[in-house]
Amino acid sequence: MASRPASIDEFTEKAKELFESDPAKVRFVLKYKHGEGTMTLRTTNDEFWLIYRTDQAAELRRLEALQLWLMAAMCAVSPESLDAPEEEDKDHPRRRRGKKSKK
Amino acid sequence: MVLLAQDSFLTELTRLFQSTRESGSLSLTLKRVSETKDETTCHRCLVRARTEKKKISTVVEAANLLKFQTSMCNILKVHMTNLKRKERSKDKKPKSDEAKA
């Protein structure tokens, strides 16, 4: 079964839910076609598919945030403890990174 | 499937992006890998990249997650340049808006 969320926010939300419901099986796939100028984001546990296709460059930023969240969740690090690195750089560069690396 | 160290993976990823500039596509997959050793389960993240001709992969653990993710994002930003920029006439700085959102 497949679902195609209308916005990247909706996709992000559902992708996180799907991962949490089945962390061992869920994978996230980003497919980029330079020739077409499109990227397709998919999240699946092999039973249910979430598919979102876009050509908007602005959504790369959302994609990064989602990737970071998912990678953290996959490594069993609390995703909320990792903010976007860009925001951290201003005031406390690398501070949280140091904390994480000790684990 | 070639399992690479993280640095070599990122270098290869750049090459894969370059090889798909004319035609073809690149897929990047994230998946959890779990190992149980001495009753402790260790979770890591498998990152795979593939084009029609080549497949590479690497495993990222919590300790170097941020570093890897930052480098990978930079590569994505540099190479995924054929997406459409938002055009808003009344808003001259869409980028700073995005950062706040």
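Could you tell me how many of the residues in region A:74-95 are facing chain B (nearest Cβ under 8 Å) and modelled with pLDDT of 55 or more?
The number of residues fulfilling the criteria is 5.
Mind checking which residues of region B:51-65 are open to solvent by less than 80 Å² (accessible area, probe 1.4 Å) and either outside any strand (DSSP E or B) or of a type in the set (D, E, K, R) (or both)? Steps first, answer last, please.
Initial filter on region B:51-65 (open to solvent by less than 80 Å² (accessible area, probe 1.4 Å)): B:51, B:56-65.
Matches in region B:51-65: B:THR51, B:GLU61, B:ALA62, B:ALA63, B:ASN64, B:LEU65.
Out of region A:1-13, which residues are open to solvent by 70 Å² or more (accessible area, probe 1.4 Å) and not small (Gly, Ala, Ser)? Full working, then the answer.
Kept after step one, since they are open to solvent by 70 Å² or more (accessible area, probe 1.4 Å), are these residues of region A:1-13: A:1, A:4, A:6, A:9, A:13.
Those that are open to solvent by 70 Å² or more (accessible area, probe 1.4 Å) and not small (Gly, Ala, Ser): A:MET1, A:ARG4, A:ASP9, A:GLU13.
I need the full set of residues from region B:1-50 which are β-branched (Val, Ile, Thr), crowded, with 17+ Cβ neighbours inside 10 Å and more than 7 Å from every other protein chain (Cβ to nearest Cβ), in order please.
Scanning region B:1-50 gives a single hit, B:VAL47.
Of the numbered conditions (1) open to solvent by less than 50 Å² (accessible area, probe 1.4 Å); (2) outside any helix (DSSP H, G or I), A:PHE19 satisfies every one except a single condition; which is it?
Checking A:PHE19 against (1) open to solvent by less than 50 Å² (accessible area, probe 1.4 Å); (2) outside any helix (DSSP H, G or I), the one that fails is (2).
Would a scan of region B:71-90 turn up a residue that is more than 18 Å from A:HIS34 (Cβ to Cβ) and facing chain A (nearest Cβ under 8 Å)?
Applying the first criterion (more than 18 Å from A:HIS34 (Cβ to Cβ)) to region B:71-90 yields B:71, B:86-90.
So of that shortlist, the ones also facing chain A (nearest Cβ under 8 Å) come out as B:86.
Scanning region B:71-90 turns up at least one residue that is more than 18 Å from A:HIS34 (Cβ to Cβ) and facing chain A (nearest Cβ under 8 Å).
Quick check on region A:32-39. Is at least one of its residues under 17 Å from A:LEU70 (Cβ atoms), more than 7 Å from chain B (Cβ to nearest Cβ) and among the hydroxyl-bearing types (Ser, Thr, Tyr)?
Looking for residues that are under 17 Å from A:LEU70 (Cβ atoms), more than 7 Å from chain B (Cβ to nearest Cβ) and among the hydroxyl-bearing types (Ser, Thr, Tyr), one finds none in region A:32-39, hence no.
Going through region A:57-73 one residue at a time, which ones are at the interface with chain B (Cβ under 9 Å from one of its Cβ atoms) and open to solvent by less than 50 Å² (accessible area, probe 1.4 Å)?
A:ALA57, A:ALA58, A:GLU59, A:LEU60, A:LEU63, A:GLU64, A:GLN67, A:LEU68, A:LEU70, A:MET71, A:ALA72, A:ALA73
The values are calculated or read from the model by the stated rules, or taken from the named source; none is laboratory data. Small disclaimer: the values here were computed from a predicted structure and weren't measured. Positions of Cβ are backbone-derived with ideal geometry, glycine not excepted, and every protein chain shown enters the neighbour counts. For accessibility, only protein heavy atoms count, side chains too; no ligands or nucleic acids. Shrake-Rupley method; radii C 1.70, N 1.55, O 1.52, S 1.80 Å.
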